[in-house]
Ligand SMILES: *Cc1c(COP(=O)(O)O)cnc(C)c1O
Ligand code: SF4
């Protein structure tokens, strides 16, 4: 294998050169192709393998249980039916007011500008969401603007996904200017996994775009394991903080990936080194195809207690679950049955 210099390569080139073939991935990781049962190929027909090479570089060669690999490798168990695991567990289709818009929580408003992600996470709750019919076009902006003005409690716009940082800086700037034009909006939040899987996405242009905005900017990244945070990635994340951009992390509780206290403790410490504050630890949404990542609630409680006992309060992510129809994410700490 040629040594892949992802640190030097432009992020858009990396985005155009994703690994989509499971056999190529196994080959790069020096894993036998028997590791991929035939059902996994079928599972990937539904929700394609998609992973940046920069992320694969962080995986351990020859380790079929690598926690990063498990998050992205199609698994034959995805095809198993389970009555509790359904295609739209969060009822997002019902909350979808206008193309690209999800308004479930009073003060904040979620805007989806693209259905594309740089990586396909097998446990993603949006894996079945019909993005393509649901993206705002330029002419939809006037309706979105009218909707926001009709809801004076909205003071924060969240760009979510798909992954908004797969968009070009030019396109981001266009939407940033639109959002800035609404005086009621004070905060712009960007939910993205791209800085973790293609750290070069945090380029000078992006930083300057964000730091020059009149809005308070929050970037919420998504990392589930300290191995995702090599020094290069941490430096990129810290570069955002140095420009007064608040950087938070959300993680998902995943069997085989981070379902033990020490792994979660290491993640929090590593995030802090990157000047990122742990925000949420989500209990898995019961989405069809993700049941093999599920951890039973008593086990989660037990692990979370140990995390609490071993971290300063500011490094403990809030354990939450999203319940369809609720007005906020539901905190789970101290709740013995959930
Ligand atoms: C999670 C989520 C938000 C953000 O909620 P916070 O608790 O503020 O992080 C907003 N809208 C939707 C639809 C969400 O699912
Ligand atoms: S929306 Fe987030 S969790 Fe889902 S596939 Fe994209 S990057 Fe992964």
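The numbers here are math on the coordinates, done by the rules we state, and not lab data. What you are looking at is a predicted structure, and each value in this text was computed from that prediction instead of being measured. Please note: Cβ atoms are built from the backbone with ideal geometry, for glycine as well, and neighbour counts cover all protein chains shown.
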- Query: Between residue 170 and residue 235, what is the label-to-label distance in nm when each label sits 7 Å out along the Cα-to-Cβ direction?
  - Reply: 3.0 nm
- Measure of size requested: the Rg and Dmax of region 198-338, with Cα atoms as the atom set and Å as the unit; please supply both. 16.1, 47
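Can you classify region 1-150 as rounded, prolate or oblate using the Cα gyration tensor, where a ≥ b ≥ c are the square roots of its eigenvalues, rounded means a/c under 1.5, and otherwise it's prolate if a/b beats b/c and oblate if not?
Numbers: a/c = 2.93, a/b = 1.63, b/c = 1.79.
Oblate is the answer for region 1-150, as a/c is 1.5 or above yet b/c matches or exceeds a/b.
Using the count of nearby Cβ atoms within 10 Å as a rough guide to exposure, how do 55, 333 rank from fewest to most? List each step's numbers first, then the result.
Details: 55 25, 333 13.
Placing the least packed residue first, the sequence is 333, 55.
Output the antiparallel fraction of DSSP beta bridges having both residues in the chain, as a percent to the nearest 5. Let's see the in-between values first.
Numbers: 7 of 36 bridges.
Just about 20 percent of them are antiparallel.
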- Take the chain, connect every pair of alpha-carbon atoms lying under 10 Å apart with a spring to form a Gaussian network, then pick out the residue of 145, 137, 61 with the largest mean-square fluctuation. 137
- With label points built 7 Å along Cα→Cβ from the Cα atoms of residue 106 and residue 141, find their separation and express it in nm. 3.0 nm
- Task: Would you mind pulling out the separation of the Cα centroids of region 259-338 and region 210-237, in Å?
- Result: 19 Å
- Item | Rg(Cα) / (2.2 N^0.38 Å) computed for region 92-331, rounded to two decimals | 1.00
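Using Cβ contacts closer than 10 Å as the measure, can you line up 265, 196 from fewest to most? Can you show the working numbers first?
On the way: 265 18, 196 25.
Starting with the residue having the fewest Cβ neighbours, the order is 265, 196.
How high is the FRET efficiency between residue 27 and residue 5 when r is their beta carbon distance and R₀ equals 22 Å, given to the nearest 0.05? Before the final figure, lay out each step's value.
On the way: r = 19 Å, r/R0 = 0.88.
Plugging the Cβ-Cβ distance into 1/(1 + (r/R0)^6) gives 0.70.
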- Message: For a quick check, take a GNM of the chain with Cα springs below 10 Å and name the residue from 304, 147, 279 with the largest mean-square fluctuation.
- Response: 147
- Note on the structure: For the pair residue 150 and residue 243, the simple spin-label estimate (label points 7 Å beyond Cα toward Cβ) gives in nm 3.5 nm
- Message: Once R0 is set to 30 Å, what does the formula 1/(1 + (r/R0)^6) return for the Cβ-Cβ distance between residue 310 and residue 47, expressed as a FRET efficiency to the nearest 0.05?
- Response: 0.25
- What's the extension gain from residue 214 to residue 81 if we count 0.36 nm per residue and subtract their Cα-Cα distance? 43.1 nm
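Based on the Cα gyration tensor of region 1-67, what are the three equivalent ellipsoid semi-axes, each the root of five times an eigenvalue, rounded to whole Å and given largest first?
22, 15, 9
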- Among 330, 166, which comes first, then next, by fewest other beta-carbon atoms within 10 Å? 330, 166
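Report the extension gain between residue 60 and residue 20 in nm, rounded to one decimal, defined as 0.36 nm multiplied by the number of residues separating them, less their alpha carbon distance. Write down the numbers at each step before the final one.
Numbers: separation 40, 0.36 × 40 = 14.40 nm, distance 1.88 nm.
Net length gain for the segment: 12.5 nm.
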